[in-house]
1. At a 1.4 Å probe, what is the % contribution of carbon and sulfur to the accessible area of the chain?
2. Of the chymotrypsin sites (Phe, Trp or Tyr not before Pro) in segment 91-157, which ones lie in a loop per DSSP and count no more than 11 other C-beta atoms within 10 Å?
3. For segment 1-92, what are the per-bin percents of Cα-Cα distances with bins 5 Å wide, up to the bin holding the maximum?
4. Calculate how steeply helix 7-19 sits against the longest principal axis of the alpha-carbon atoms of the chain, using the helix alpha-carbon long axis, and give the answer as 0 to 90 degrees to the nearest 10.
5. Whole Å is fine, so just give me how far the alpha carbon centre of segment 32-94 lies from that of segment 110-136.
6. On a 1.4 Å probe surface of the protein chains, which of Met105, Met82, Met100 comes out largest in accessible area, and what is the full order?
7. Any chance you could give the angle, 0 to 90 degrees and rounded to 10, that helix 26-49 forms with the longest Cα principal axis of the chain?
8. What whole-number value in Å² describes the accessible area per residue of the chain for a 1.4 Å probe?
Amino acid sequence: GKNIIKYSDIERPFAQMRLRGGMADAHANRCAILENLILNQLLIHKGEVDSVDADISADDINMYVQEYLDNDIRQYGSREAMREATGFSYDDLKQQYERMIRNYMIAGRVQYSLTNDVNVTPREAADFFNSLPADSLPEIPERYEFSEIEIEPTISEAERDRVRGQLA
């Protein structure tokens, strides 16, 4: 679909894991984070294709958004302190939370619709796949697409002189 996963989407939760002491295997942690992000984006894409988001009310989203914002304000003490600590204004955070909660609700509804009638235990699934001959399982090659936006700023000589003057 049109959903992308940025490197920062992986590094932000990875940094939180490091802070909590979960640094046993950095590569495995990043892989697990990426796998969860991919699964989540697939669920969101299916939800958008199936118009699952039409069932999600703005009131439901706003209720959760307000809880997140109230918690942030309590944590930082004020909107100004929150902006200083996070680098985002109240309205910016509100938009981010709206998008995050909307996506979370879509993914949850799609996952529920896909798994609601499934009555297979993990043990039964493992036994089934272990009973298949290794050469009968299709090999799915890994495929990645990377892109990078790089913008070289043009700095005038006057601006260079001004900065040199400040640094001196």
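The values are calculated or read from the model by the stated rules, or taken from the named source; none is laboratory data. Keep in mind that what you see is a predicted model, and the values were worked out from it rather than measured. We place every Cβ from the backbone using ideal geometry, glycine too, and count neighbours over all the protein chains shown. The protein model used for the area step is the full one, side chains on, heavy atoms only, and it has no ligands, DNA or RNA in it. Shrake-Rupley method; radii C 1.70, N 1.55, O 1.52, S 1.80 Å.
1. Details: 7300 of 13840 Å².
Carbon and sulfur: 53 percent of the exposed surface of the chain.
2. Details: sites: Tyr97, Tyr104, Tyr112, Phe128, Phe129, Tyr144, Phe146; in loops: Tyr144, Phe146.
Loop-located and lightly packed - Tyr144, Phe146.
3. In whole percents, the pair-distance histogram is 2, 11, 14, 13, 18, 21, 15, 6, 0.
4. Once rounded, one gets 90 degrees.
5. Distance between centres, Cα-based: 32 Å.
6. Correct descending sequence by accessible area is Met100, Met105, Met82.
7. Compared with the principal axis, the helix lies near 80 degrees.
8. On the way: 13840 Å² over 168 residues.
I get 82 Å² per residue for this part.
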